[in-house]
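To keep things clear, I will list the structure first and then write my remarks on it.
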Amino acid sequence: MAVIGGTGHIGSYLVPRLVRAGHEVIAVSRGEREPYHEAMEWQSVRRVNADRDAEELAGTFGSRIADLRPDAVVDLICFTPASAQHLLDALRPARPLLLHCGTIWVHGRTPRLPVTEDEPRTAFGDYGTDKAAVEALLHRETHDGGVPSVILHPGHISGPGWPVITPAGNLDSDVWRRLAVGEPLTLPALGLGVLNHVHADDVAQAFEKALTQPAAVGASFHVVAEQAMTCRGLAAGVAAWFGREAALDLVEWDEFERRVGSDHAAATRDHIERSIAASIERARSILGYTPRYSSLDALRESLRWLVEHRRADVAGQPF
């Protein structure tokens with residue numbers, strides 16, 4: 001089995017899971033860093049270094065993967081239809097199972113919540129629209145008898161090892177400090193924007209389960225925490241870790257941008273304008289997906305790592 005992006009956010013959890021389940025795993029990555037967390041299972045994993053972008057330009061990446069002769073390919077880092085098509089063309093003769101990592105951002109502004117996988121795609125922005133196009137391409141391929149595929153759509157992937165989306169819907173690390181010390185946290189949209197986090201290990205769980213469920217082939221699945229949360233709800237939950245109530249300063253968008261800066265405000269708008277709360281009923285019933293982490297659980301584990309590695313400042317407050 002080949003895992004493309006095997007040392008990334010999801011792969012760092014998925015590869016050890018697959019080894020424990022008895023799979024022979026080939027982890028494909030650029031080879032620029034080690035997995036996000038250590039596990040003894042990596043000792044039995046074959047590592048292959050490949051620069052996907054460069055090799056796709058050369059027309060060799062797909063054949064590189066096909067030459068590994070995998071019975072399944074987990075593609076965690078495909079972002080465009082052209083990239084997906086290149087891989088499909090190479091895999092089609094052998095037709096291994098292809099598991100693709102999508103995103104809940106294939107949904108845009110949704111009229112009904114929680115949104116199901118059957119809702120018409122309303123993606124906007126390059127990331128979401130490209131992922132929706134990849135999803136449609138893979139479903140057509142499966143329907144036409146080509147490479148069989150399963151698409152998993154994670155939410156805001158969280159876990160130790162990297163910055164995560166804060167209760168303000170952005171990557172502003174000062175959000176954590178403000179909630180820890182009781183300073184006011186500025187939020188737009190009355191703090192009612194919705195975020196749907198998921199721990200990377202729960203995403204890995206879903207990929208592992210999808211490998212052994214024939215009924216999953218040709219379908220898409222949301223992979224998120226059991227419940228989405230509002231920004232103000234997340235802020236209250238984080239503040240409670242420090243024995244405080246969240247002090248929220250609810251402002252209009254222009255004032256929010258003035259206070260936090262255009263980059264953080266743009267990230268917040270990207271998340272809040274979508275406000276996706278995704279149903280996991282299909283993943284639960286077909287894959288047997290059972291998330292271990294709530295949104296707050298995932299954020300707490302993330303913040304512990306950020307504080308320990310001096311990537312976030314909570315002013316020494318215990319939590």
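Quick one: Cys78 ticks every box in (1) open to solvent by less than 80 Å² (accessible area, probe 1.4 Å); (2) farther than 30 Å from Arg269 by Cβ except a single one, so which number is it?
Result: Cys78 fails condition (2) only.
For the range 274-317, how many residues meet the condition of being more than 19 Å from Ala235 (Cβ to Cβ) and not basic (Lys, Arg)?
Within the range 274-317, residues that are more than 19 Å from Ala235 (Cβ to Cβ) and not basic (Lys, Arg) number 16.
Look at Ser29 and say whether it is of a type in the set (Gly, Ala, Ser), closer than 21 Å to Thr103 by Cβ and surrounded by 12 or more Cβ atoms within 10 Å (Cβ to Cβ).
So Ser29 fits the description; yes.
Tally the residues that are open to solvent by 50 Å² or more (accessible area, probe 1.4 Å) and within 16 Å of Gln227 (Cβ to Cβ), restricting the search to the range 255-281.
So the answer is 1.
Are any of the residues in the range 133-144 touching a residue at least 24 places away in the same chain (Cβ under 8 Å), open to solvent by less than 20 Å² (accessible area, probe 1.4 Å) and small (Gly, Ala, Ser)?
Checked the range 133-144: no residue is touching a residue at least 24 places away in the same chain (Cβ under 8 Å), open to solvent by less than 20 Å² (accessible area, probe 1.4 Å) and small (Gly, Ala, Ser).
Output yes when any residue across the range 243-252 is in contact with a Leu (Cβ under 7 Å, 6 or more places away or on another chain) and closer than 30 Å to Ser149 by Cβ, and no when none is.
no
Check the range 101-118 and report whether any residue there is of a type outside the set (Val, Ile, Thr), more than 23 Å from the chain's Cα centre (by Cα) and modelled with pLDDT of 95 or more.
No, because not a single residue in the range 101-118 is of a type outside the set (Val, Ile, Thr), more than 23 Å from the chain's Cα centre (by Cα) and modelled with pLDDT of 95 or more.
Give me the pairs: first residue in the range 159-178 and more than 25 Å from Tyr13 (Cα to Cα), second residue open to solvent by less than 10 Å² (accessible area, probe 1.4 Å) and of a type in the set (Val, Ile, Thr), beta-carbon distance under 7 Å, and six or more apart or on different chains, which are they?
Qualifying pairs under 7 Å: Ala168/Val175; Ala168/Thr268; Asp172/Thr166; Val175/Thr166; Trp176/Thr166; Trp176/Val314; Arg177/Val314.
If you check Ser285, Ser302, Ser279, Ser295, which single one turns out to be out of contact with any helix residue (DSSP H, G or I) (no Cβ under 8 Å at 6 or more places or on another chain) and within 15 Å of Ile157 (Cα to Cα)?
Ser302
The values are calculated or read from the model by the stated rules, or taken from the named source; none is laboratory data. Predicted model, so just to flag it, every value in this text is computed and none were measured. Cβ sites come from the backbone with ideal geometry, for glycine too, and all protein chains shown count toward neighbours. To get the accessible areas, we keep the full protein, side chains included, count just its heavy atoms, and leave off ligands, DNA and RNA. Shrake-Rupley method; radii C 1.70, N 1.55, O 1.52, S 1.80 Å.
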